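Colleague: Here's a structure for you.
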Amino acid sequence: MNEITPNSDDNQLTYLYINGYIKADFPTKGLQKEFERCCHCISDEGEKRQFLPVQSKSGTETIQDGFNQQLYDLVSKAEYHYIARLMTWRFTNSYGHDIYNLTPTESQLPTMIEAIKPKKNKLAKPMVLVGYSQTNLNGDLPVVDVRRLTKVSPSSIIKSIKATLPNIDVDKLKLIVAEILSLSTNSGDNDQDRALNYILYQNLAIYSRSYELLYGESSGGQASPNARLMNIQVVPLQSGDRHVIKVIFEYQSSQGGTQYWYSAVDVTDEYPFLLESFERFLPRY
């Protein structure tokens, strides 16, 4: 296996595998006013009116309070999908920074709309995006052709692990999941990031094994862990004509010993897949 030389062709489409959030903006003032007009034409009972109510200021006022809820309530209805189709859809990272412009298909539009639905705890729904991107030479955000968009949240990871390990300490597991998922704040547009993001959101073995190494049976009721996750290395390899990434986790016990575990991912094509789930690794020096 040899190290991969990155492709430097600026015109080549780039595979993406990334976690983040969906947001929708009005590209024009006219579309924003059309949205406001539609909102004002819906009665308090939820019935659609043909004309603006008399007490309305001809739809010129800007809706501020509860905007996100109003946006979702309106465009989630099929008759107002024409507004959703014309909106600018963006993908943001955990810092709230816009990183990609999205071009969803008609079949993906309901998923995009559902992603902007406000939650009771006011936290946006994290989404996993698979697609293609190409950098714009004019400096605008890269445009992404969306291929798959699914919701994978920390709570769903914890719930799935809890179902297989019913005696696990959920509070300790939450700490592990939060720490490891913090590694996913990246652009997801190169093999290393794609492989890392893939295992963080698709490979539950890294969380259950990390829990075992940090809070194994010998930890008893102690709050402090028996070990720490010290480092993660992402190593690009080539196996024949396939691009393979090894993601190596380094754990150090409280007694000073070190263990290495790794997951291997094939990132040659649009959709990554696991080659090794999470196995012991012996580093070569």
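The values are calculated or read from the model by the stated rules, or taken from the named source; none is laboratory data. Quick caveat, the model's predicted, so the values are computed rather than measured. Neighbour counts run over all protein chains shown; Cβ positions are idealised from the backbone, glycine included. Calculation scope for accessible area: heavy atoms of the full protein, side chains included, ligands and nucleic acids excluded. Shrake-Rupley method; radii C 1.70, N 1.55, O 1.52, S 1.80 Å.
Colleague: Name the single residue that is modelled with the lowest pLDDT among those in the stretch 68-97 being open to solvent by 60 Å² or more (accessible area, probe 1.4 Å) and hydrophobic (A, V, I, L, M, F, W, C).
Modeller: For the stretch 68-97, the residue satisfying everything is Ala78.
Colleague: Which ones in the stretch 150-180 are among the aliphatic types (A, V, I, L, M) and either open to solvent by 60 Å² or more (accessible area, probe 1.4 Å) or in contact (Cβ under 8 Å) with a residue 60 or more places away in the chain (or both)?
Modeller: Taking the stretch 150-180 as the starting set, the residues that turn out to be among the aliphatic types (A, V, I, L, M) are 152, 157-158, 161, 163, 165, 168, 170, 173, 175-178, 180.
Those that are among the aliphatic types (A, V, I, L, M) and either open to solvent by 60 Å² or more (accessible area, probe 1.4 Å) or in contact (Cβ under 8 Å) with a residue 60 or more places away in the chain (or both): Val152, Ala163, Leu165, Leu175, Ala178.
Colleague: Which residue is nearest to Ser133 (Cα to Cα), if the candidates are limited to the stretch 158-193 and must be among the charged types (D, E, K, R) and in a loop (DSSP other than H, G, I, E, B)?
Modeller: This residue is Asp189.
Colleague: Would you mind listing the strands (runs of 3 or more DSSP E) fully within the stretch 199-285 where at least 2 residues are among the aromatic types (Phe, Trp, Tyr)?
Modeller: Values: elements: 227-239, 242-253, 258-266, 273-280.
Per the criteria, 242-253, 258-266, 273-280.
Colleague: In the stretch 267-285, how many are more than 21 Å from the chain's Cα centre (by Cα) and either under 16 Å from Asp193 (Cβ atoms) or among the acidic types (Asp, Glu) (or both)?
Modeller: In the first step, residues of the stretch 267-285 are kept if they are more than 21 Å from the chain's Cα centre (by Cα); the result is 275-276, 278-285.
If we keep only those that are either under 16 Å from Asp193 (Cβ atoms) or among the acidic types (Asp, Glu) (or both) as well, we get 276, 279.
Of the residues in the stretch 267-285, 2 are more than 21 Å from the chain's Cα centre (by Cα) and either under 16 Å from Asp193 (Cβ atoms) or among the acidic types (Asp, Glu) (or both).
Colleague: Being open to solvent by less than 10 Å² (accessible area, probe 1.4 Å) and not hydrophobic (A, V, I, L, M, F, W, C) is the requirement here; does Tyr201 meet it?
Modeller: Details: open to solvent by less than 10 Å² (accessible area, probe 1.4 Å): no; not hydrophobic (A, V, I, L, M, F, W, C): yes.
Considered against the rule, which asks whether it is open to solvent by less than 10 Å² (accessible area, probe 1.4 Å) and not hydrophobic (A, V, I, L, M, F, W, C), Tyr201 comes out as no.
Colleague: Then there's this: Any idea how many residues of the stretch 235-275 are of a type outside the set (Gly, Ala, Ser), touching a residue at least 24 places away in the same chain (Cβ under 8 Å) and open to solvent by less than 40 Å² (accessible area, probe 1.4 Å)?
Modeller: 15
Colleague: Evaluate the following for Asp145: is it of a type in the set (Asp, Glu) and open to solvent by less than 50 Å² (accessible area, probe 1.4 Å)? Spell out the reasoning first.
Modeller: On the way: of a type in the set (Asp, Glu): yes; open to solvent by less than 50 Å² (accessible area, probe 1.4 Å): no.
Criteria not met by Asp145.
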